[in-house]
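Undergrad: Would you mind keeping the following structure in view while I ask a few things?
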């Protein structure tokens, strides 16, 4: 699984040593994927780009409000949202309900 981006990250070695890409969905960071490799690649039209090779499994994280952004953001471990642990029936809850309950401090 690959995600394409324009620029090659300056701290690529850090990212491939256990780093993750965090996904902003609907105005909140909700998931992350482990970065396995970073490669120079090219678009179908020949334009150079960078391919992030990702672990296919998404890891849900504690929702955190975040505007969408372009470019690299490096999170220190203390600043990264914590992974969510799964509980029985957890996967059946709609994400919008999960966010509402989290905003009320109930999750």
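Undergrad: Given the options 48, 81, 94, which has the most mean-square fluctuation in a GNM of the chain, springs set between C-alpha atoms less than 10 angstrom apart?
TA: The residue with the greatest mean-square fluctuation here is 94.
Undergrad: Stretched out fully, how many nm does the piece from residue 11 to residue 95 gain, at 0.36 nm a residue minus the Cα gap?
TA: Extra length from residue 11 to residue 95 when fully extended: 27.0 nm.
Undergrad: Once the principal axes of the Cα atoms of the chain are found, what is the range along each, listed largest first in whole angstroms?
TA: That works out to 48, 29, 26 Å along the principal axes.
Rule-based calculations on the coordinates, nothing more; no lab input. Keep in mind the model is a prediction, meaning the values are calculated, not measured.
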